[in-house]
Amino acid sequence: MKTIGRTTWAIPGGHIPLRSTGPEPDFTINDELCILNAGRQDAKVEITVFYADRDPVGPYRLTVPARRTRHVRFNDLIDPEAMPLDTGDACIVDADVPIVVQFNRRDTSQAENALLGVIAFPVD
Amino acid sequence: MQHEWRNWSGSFRFTPASTEAPAGEEELSKIVQRAAAEGRTVRVVGAGHSSSPLVQTEDILISMERLKGVESHDTSVREVTIKSGMMLREANRAFLDLGLALENLGDVDLQSLGGAIGTGTHGTGKRLHILSHHLIGGRLINGRGELIEFSMERDPDFVLAARVVLGTLGIFTALKLRLVPVFHLHRKEWCTHIEDCMANLDRLIEENRNFDFYWYPRSDEAKLRTLNFEEEEQRAIPYARCVKEMSGWSGEVIPRQRELRFDEIEFFFPAESAPACFREVRKRVKQRHRKNVGWRVLYRTIAADDAYLSGAHGCDSATISLHQNTMLPYEEYFKDIESIFRAYGGRPHWGKKHYLKAEDLKPLYPLWDRFLEFRQQMDPEGVFLNPYLGEILGCERAASLRA
């Protein structure tokens, strides 16, 4: 398996509405990172979150083991601090080895759910 | 030049006029005598883990860091006397060397043992008490600088007052503890939905030596933690998946490392009313606070005791605590949920945030006035009072010291 991806990715359009519809956690409204590490070395990943009216927060650190994927809800990030809901945000994802990053949104603010999935912007 | 002092979470800070680290009781006695003579005040610092400003002073701050070690022990009756400056982690190790242990521990072991005892710190377990329950005697320097020796045999009422004391009767120099034989536990952590946890709560509490759960407000999931003796059969929890397990002696497997700093508020409730209180807290957090609150809510249980100012005084209890990252605002959240805590007759953890004053607290503790009598006897001039203690105890310093 050859190494694929990039080491820096950008997602400018984050926003987690406050109200969910449906049983949780399956239908909790969320923004989600899907990270693929197809390489043979564990990926040390750092996420920095940007806001409109204050300094960036981070890094949020996590590991994606070699040849594995990891899905992370932004809602669940608490270290160094919980992200505010109902607030526009953006993030940069840095890794020490190439990874592939997808951004998903599950919007359950009304009973008719909406799903969005896009590949993040590969910076380098 | 004095350095600014800050607590573990960084939520309060102050600069004392001076910091003293006496090497023994005689030196400590002289410091207190001098303070009393000069109309000054004294507070003692432990590990600084508390997030209530019990330690705060702009006057003399005492560190007991030079008073450490086991002073005496009699393992046949499981009694150990230690110097009061020992950290909880150090004390656990010393007890282990003697084949003894505290019957329970809290979620962390970062505190000083004196501080943990003085604030009524606890772990979880229906049949397990707050840490102070081990205290059966010791020595302290009172507000006149006198060395006082006390014991359960001679002064049981005084010991019950001294078990949760907030540093107001004096400065402990030695703590005599009755411990339990060293023991090993098997720890498991499980994930499930909060509704499954609550539907089985009584059974989980009853069937496990130690049980608590965290509720995660942004997913409605719960993490259950069960600890049982290694030699016992380890029960499965069919509606939860085990995500972690480990075995070891109690001092190793009960407390965990906590790198991420937080502020915390915790209240004690009669065990039978705590589930309803938790349900109301959960509803309120989801309605009003989820925008800024992503961290967990902790539910634990504690056996009844008879320490005068213990949160579990007179009734088997459960506690509910809220956590918030230190970098995020907490007051609006804590104050709003505290209104629910108070509606359920909750008593605050003395070492954590709360917004109650003496007039709110007095009705919660049947022996409140008796405690204050002991405080007045031991420290009539208020050498050990700071403004915060004055507010929560309803005490004023002697007129001669207020100028």
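The values are calculated or read from the model by the stated rules, or taken from the named source; none is laboratory data. As the structure is a prediction and not an experimental result, all values here were calculated from the model. Heads up, the Cβs are rebuilt from the backbone with ideal geometry, glycines too, and the neighbour counts pull from every protein chain shown.
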Spans of strands (runs of 3 or more DSSP E) in region B:157-263 with at least 3 residues in contact with a Lys or Arg (Cβ under 8 Å, 6 or more places away or on another chain), within 14 Å of chain A (Cβ to nearest Cβ) and crowded, with 19+ Cβ neighbours inside 10 Å: B:210-216
In region A:11-20, the residues that are closer than 17 Å to A:Gln102 by Cα, out of contact with any Asp or Glu (no Cβ under 8 Å at 6 or more places or on another chain) and surrounded by fewer than 17 Cβ atoms within 10 Å (Cβ to Cβ): A:Pro12, A:Gly13
Only residues that are crowded, with 18+ Cβ neighbours inside 10 Å and under 22 Å from B:Ile141 (Cβ atoms): list them for region B:89-118, please. B:Ala91, B:Gln111, B:Ser112, B:Leu113, B:Gly114, B:Gly115, B:Ala116, B:Ile117, B:Gly118
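Every residue, every condition in (1) surrounded by 18 or more Cβ atoms within 10 Å (Cβ to Cβ); (2) within 20 Å of the chain's Cα centre (by Cα); (3) of a type in the set (Ser, Thr, Tyr), yes or no:
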| site | (1), (2), (3) |
| --- | --- |
| B:Ala17 | no, no, no |
| B:Lys30 | no, no, no |
| B:Ala36 | yes, no, no |
| B:His49 | yes, yes, no |
| B:Val55 | yes, yes, no |
| B:Glu58 | no, no, no |
Would you mention how many residues in region B:321-361 are of a type in the set (Lys, Arg) and surrounded by 15 or more Cβ atoms within 10 Å (Cβ to Cβ)? 4
Among A:Pro56, A:Pro23, which is free of Cβ contacts under 8 Å to residues at least 24 places away in the same chain, within 17 Å of the chain's Cα centre (by Cα) and surrounded by fewer than 18 Cβ atoms within 10 Å (Cβ to Cβ)? A:Pro56
Identify the single condition in (1) under 30 Å from B:Gly39 (Cβ atoms); (2) touching a residue at least 24 places away in the same chain (Cβ under 8 Å); (3) touching a strand residue (DSSP E or B) at 6+ places or on another chain (Cβ under 6 Å) that B:Gly143 does not satisfy, given that it satisfies every other one. (3)
Inside region B:46-84, can you point out the residues that are among the charged types (D, E, K, R) and either closer than 20 Å to B:Leu177 by Cβ or touching a residue at least 60 places away in the same chain (Cβ under 8 Å) (or both)? B:Glu65, B:Lys68, B:Glu71, B:Asp74, B:Arg78, B:Glu79, B:Lys83
Limited to region B:39-49, what total is found for residues that are assigned to a loop (DSSP other than H, G, I, E, B) and either touching a His at 6+ places or on another chain (Cβ under 9 Å) or hydrophobic (A, V, I, L, M, F, W, C) (or both)? 1
Neighbours by Cβ (under 8 Å, 6+ apart or cross-chain): first from region B:268-292, in contact (Cβ under 8 Å) with a residue 12 or more places away in the chain and among the basic types (Lys, Arg); second surrounded by 21 or more Cβ atoms within 10 Å (Cβ to Cβ) and not in a helix (DSSP H, G or I): B:Arg282/B:Trp215; B:Arg282/B:Pro217; B:Arg282/B:Val297; B:Lys286/B:Pro217; B:Arg290/A:Leu85; B:Arg290/B:Pro217; B:Arg290/B:Arg218
Suppose the filter is at pLDDT 95 or above, under 28 Å from B:Gln33 (Cβ atoms) and out of contact with any His (no Cβ under 8 Å at 6 or more places or on another chain); does B:Leu113 pass it? no
Right, B:Glu359: out of contact with any helix residue (DSSP H, G or I) (no Cβ under 6 Å at 6 or more places or on another chain), part of a helix (DSSP H, G or I), at pLDDT 95 or above and more than 30 Å from B:Met198 (Cβ to Cβ) or not? yes
Checked region B:88-143 for anything closer than 28 Å to B:Glu27 by Cβ, among the β-branched types (Val, Ile, Thr) and in contact with an Asp or Glu (Cβ under 9 Å, 6 or more places away or on another chain); matches are B:Ile136, B:Ile141
Unique match (being over 21 Å from B:His122 (Cβ atoms), more than 14 Å from chain A (Cβ to nearest Cβ) and not polar (S, T, N, Q)) among B:Arg288, B:Arg284: B:Arg284
Where in region A:11-124 are the strands (runs of 3 or more DSSP E), entirely inside, with at least 2 residues that are within 14 Å of another protein chain (Cβ to nearest Cβ)? A:30-37, A:43-51, A:57-64, A:68-73, A:88-107
Go through the residues of region B:309-320 one by one and say whether even a single one is more than 17 Å from the chain's Cα centre (by Cα) and β-branched (Val, Ile, Thr). no
Criterion violated by B:Pro181 - all others in (1) under 30 Å from B:Gln234 (Cβ atoms); (2) touching a helix residue (DSSP H, G or I) at 6+ places or on another chain (Cβ under 7 Å); (3) not charged (D, E, K, R) satisfied: (2)
